[in-house]
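Have a look at the structure below before the remarks.
The values are calculated or read from the model by the stated rules, or taken from the named source; none is laboratory data. In this text, all values refer to a predicted model and were calculated from it rather than measured experimentally. Neighbour counts are summed over all protein chains in view; Cβ atoms, including those assigned to glycine, are modelled from backbone coordinates with ideal geometry. What goes into the accessible areas is simple: the full protein's heavy atoms, side chains included, and nothing from ligands, DNA or RNA. Shrake-Rupley method; radii C 1.70, N 1.55, O 1.52, S 1.80 Å.
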Amino acid sequence: MKIDVIIPTYKPGEELFCLLDKLAQQSIRPNKVILMNTEKSFFKKLTEGRDFWKKYPFAEVWHLPKKYFDHGGTRRLGVTKSDADVFVMLTQDAMPADAFLLEKLTAHLEGKVAAAYGRQLPRRDSGVLERISRQFNYPETSRLKGREDMEKMGIKTFFCSNVCAAYRRDAYDELGGFPHRAIFNEDMIYASKAVRAGWQIAYEAEARVIHSHNYNCMQQFHRNFDLGVSQADHPEVFGDVKSESEGKKYVKHVIMALKDRGQLGKTPYFLLQSVFKYGGYLLGKNYRKLPKCLILLASDNKQYWKNKTKSSQKRHRMNTN
């Protein structure tokens with residue numbers, strides 16, 4: 001089975017070389033690593049004088065301006081650069097935990113399994129809230145999710161993360177791939193199409209990457225605003241499943257975990273963080289009622305709105321000609 005790895009990069013640092021080294025040391029080596037890089041000048045500066053191509057002959061780099069980056073579209077473009085049976089999506093800040101990531105991640109891509117995503121472990125500098133969050137979203141036990149799980153699991157049925165996920169190319173082509181434009185959640189949008197079409201999504205707990213963030217309240221607000229926008233833009237995916245119940249379950253889980261760790265003193269900050277998260281999400285779900293200036297203040301991906309405005313203007317001109 002031929003496997004390609006696709007990584008969108010933006011102003012990468014030294015960690016990119018560590019990531020490429022770890023991919024080269026995998027028990028199943030990738031056929032090639034496709035870097036979809038935003039802003040050529042930064043990449044050129046990073047690799048200058050390093051003999052990059054000699055050390056990483058399996059790497060293939062495609063540059064695009066920042067104004068053309070899109071969570072769905074850029075990954076779609078990356079897939080067109082691959083002819084492998086399976087392609088793996090990674091982010092530049094997701095570090096393989098061992099030499100078996102690709103082997104474990106792709107182990108069960110057969111039958112009706114269209115995609116598989118891996119377990120994300122917290123970094124050493126992660127705070128307790130981030131550690132609990134990783135434990136909640138990425139437990140120790142693997143599982144398969146399909147259409148029959150929608151009633152019980154709700155939106156969690158579609159949970160999949162392009163921080164570390166593998167896709168079968170035959171299923172991807174059949175389902176039409178990632179959305180052309182997406183502010184966020186391109187992975188869940190695809191997973192939803194797959195599940196509703198009778199495919200399954202695998203969570204592979206033994207396929208592990210180290211990946212976490214210590215976001216503050218405003219950063220959580222911005223991210224959850226974009227999450228809400230993605231749900232509002234795709235009612236065919238999220239319209240008949242509830243997200244709020246999963247949020248309540250998460251809050252209860254975190255408070256109990258803090259209690260078990262003897263750290264209930266962190267509960268007030270966690271609740272404040274939750275207010276910011278829910279506030280951002282709620283505003284994002286109702287972004288069409290907001291003025292453009294407020295949307296730009298609330299969103300984490302301001303370029304998306306600039307591109308959206310240009311696309312709307314272009315469609316208007318086409319319709320009036």
Round to the nearest 0.05 the FRET efficiency obtained for E110 and D240 when R0 = 30 Å and r is the Cβ-Cβ distance. 0.55
Amide H neighbours of R143 under 5 Å, at least 5 residues apart or on other chains, H built in the peptide plane: list them. Y203, A205
Taking the Cα centre of segment 26-164 as the origin and placing charges on Cβ (Lys, Arg +1; Asp, Glu -1), which of G146, G118, T47 is farthest toward the positive end of the dipole? T47
Might you report the magnitude of the Cβ-based charge dipole of the chain about its Cα centre, with Lys and Arg at +1 and Asp and Glu at -1, to the nearest 20 debye? 1140 debye
Net charge of neighbours whose Cβ lies under 13 Å from the Cβ of D83, counting Lys and Arg as +1 and Asp and Glu as -1: -1
Report the equivalent ellipsoid semi-axes for segment 245-293 in whole Å, largest first, defined as the square roots of five times the eigenvalues of the gyration tensor built from alpha carbon atoms. 29, 12, 4
Per residue of the chain, what 222 nm ellipticity follows from adding -39500 (n - 2.57) for every DSSP H run with n ≥ 4, rounded to the nearest 500? -13500 deg cm²/dmol
Check: segment 24-160 dipole with +1 on Lys, Arg Cβ and -1 on Asp, Glu Cβ, in debye: 320 debye
Rounded to the nearest 0.05, what FRET efficiency do E148 and K45 have when you use their Cβ-Cβ distance and R0 = 41 Å? 0.20
Extension gain from Q135 to K302, taking 0.36 nm per residue of separation minus the Cα-Cα distance: 57.1 nm
Between beta-carbons, use under 11 Å as the cut-off and find the net charge around G280, counting Lys and Arg +1, Asp and Glu -1. +1
Taking 0.36 nm per intervening residue step and subtracting the Cα-Cα distance, what contour gain separates E206 from K55 on full extension? 51.5 nm
7 Å from Cα along Cα→Cβ at both H253 and Y68: what's the point-to-point distance in nm? 3.9 nm
Just subtract the alpha-carbon distance of N214 and K22 from 0.36 nm times their residue separation and send over the number in nm, one decimal. 66.7 nm
12 Å beta-carbon shell around Y215, net charge (K/R +1, D/E -1): 0
For a protection proxy built on the mean count of beta-carbon atoms within 10 angstrom, sort 202-210, 105-113 highest first, please. 202-210, 105-113
Value of relative contact order over segment 141-294, rounded to a whole percent, pairs C-alpha under 8 Å and six or more apart: 30 percent
Report the equivalent ellipsoid semi-axes for the chain in whole Å, largest first, defined as the square roots of five times the eigenvalues of the gyration tensor built from alpha carbon atoms. 29, 26, 22
Using a 1.4 Å probe on the protein chains only, how many percent of the accessible area of the chain belongs to carbon and sulfur? 54 percent
Among G176, Y215, A257 the positive-end extreme of the charge dipole of the chain (Cβ point charges): Y215
How many angstrom lie between the Cα centre of segment 33-109 and the Cα centre of segment 231-302? 30 Å
Suppose all protein chains stay in the model; what accessible area per residue would a 1.4 Å probe give for the chain, in Å²? 49 Å²
Selection from Q25, M95, F58 lying farthest towards where the dipole of segment 8-108 points positive, charges on Cβ: F58
